[in-house]
1. Check Asp126, Asp162 and return the single one that is free of Cβ contacts under 8 Å to residues at least 60 places away in the same chain and either open to solvent by less than 40 Å² (accessible area, probe 1.4 Å) or closer than 20 Å to His94 by Cβ (or both).
2. Quick one: in segment 91-102, which of the residues that are open to solvent by 10 Å² or more (accessible area, probe 1.4 Å) and under 16 Å from the mean Cα position of the chain (by Cα) is modelled with the highest pLDDT?
3. State whether the residues of segment 93-109 include one that is in a loop (DSSP other than H, G, I, E, B) and under 18 Å from Ala150 (Cα atoms).
4. Give the number of residues within segment 1-41 that are loosely packed, with under 15 Cβ neighbours inside 10 Å and either assigned to a strand (DSSP E or B) or modelled with pLDDT under 80 (or both).
5. Hey, among Phe29, Phe118, which residue is under 15 Å from the mean Cα position of the chain (by Cα), among the aromatic types (Phe, Trp, Tyr) and within 15 Å of Met158 (Cβ to Cβ)?
6. Going by the conditions given, is Pro69 open to solvent by 30 Å² or more (accessible area, probe 1.4 Å) and either assigned to a loop (DSSP other than H, G, I, E, B) or of a type in the set (A, V, I, L, M) (or both)?
7. Can you find a residue in segment 117-137 that is touching a Phe, Trp or Tyr at 6+ places or on another chain (Cβ under 6 Å), of a type in the set (Ser, Thr, Tyr) and on the phi < 0 side of the Ramachandran plot?
Amino acid sequence: MFMTKLQSFAMLAGLATAHMAMESPCPRFNPHCSPKPELPSGASWDYSITNPIPYDGILCKSNTPWPKPVASWTAGQSVTVKLEPGGATHGGGHCQFSLSYDGGKTFVVLHEILGKCFGQDDSQRDFTFTLPSGLPSSEKAVFAWTWVNAIGNREFYMNCADISIKGSGSSYTGKEM
């Protein structure tokens, strides 16, 4: 069976479709954020930001934080996390929104969606949830969006953003990522 040129192009275009990436707050070294934070010395833009995390054990794809927080959040208030438009949702899957106070070594889940991460029709890209009121303050918190796809090879996606938190708690515990 022969494929037409149009069928071949459509197939290749489907293969080239990006996966998913966080857009806001701006994850570490995402070249598509607006405005773009200043890169740390020696760092480069991550043009594979939509790829699953590699097998090198670095969860956030980089252990190097932004020089300054890219967002300031307040405990007890609602925040909206945005993903880049488009992408391949692979049938949804599970996603979590987590926070680390130890530079990304451990994360506590703030919000999770099981089964249909991108909504019933796979078009959801904005996620609004309320931060716990007991979060402690930090100028160097790490926020993470993680996703395990539902269709295809199981892949683990993770984007991390360096944020500041204003809060009054002394510590925060909960479900670990």
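The values are calculated or read from the model by the stated rules, or taken from the named source; none is laboratory data. Since the model is a prediction, treat every value here as computed from it, not as a measurement. All Cβ positions, even for glycine, are placed from backbone atoms using ideal geometry, and neighbour counts span all protein chains on display. In case anyone asks, the SASA skips ligands and DNA or RNA and just uses the protein heavy atoms, side chains included. Shrake-Rupley method; radii C 1.70, N 1.55, O 1.52, S 1.80 Å.
1. Values: Asp162 fails: free of Cβ contacts under 8 Å to residues at least 60 places away in the same chain.
Criteria check complete, one pass: Asp126.
2. Step one: of segment 91-102, the residues open to solvent by 10 Å² or more (accessible area, probe 1.4 Å) are 91, 94, 96, 101-102.
Subset that is under 16 Å from the mean Cα position of the chain (by Cα): 94, 96.
On the way: His94: 89, Gln96: 94.
So the residue we want is Gln96.
3. no
4. 18
5. Numbers: Phe118 fails: within 15 Å of Met158 (Cβ to Cβ).
Step by step, each of Phe29, Phe118 is checked, and only Phe29 is under 15 Å from the mean Cα position of the chain (by Cα), among the aromatic types (Phe, Trp, Tyr) and within 15 Å of Met158 (Cβ to Cβ).
6. Values: open to solvent by 30 Å² or more (accessible area, probe 1.4 Å): yes; either assigned to a loop (DSSP other than H, G, I, E, B) or of a type in the set (A, V, I, L, M) (or both): yes.
Considered against the rule, which asks whether it is open to solvent by 30 Å² or more (accessible area, probe 1.4 Å) and either assigned to a loop (DSSP other than H, G, I, E, B) or of a type in the set (A, V, I, L, M) (or both), Pro69 comes out as yes.
7. no
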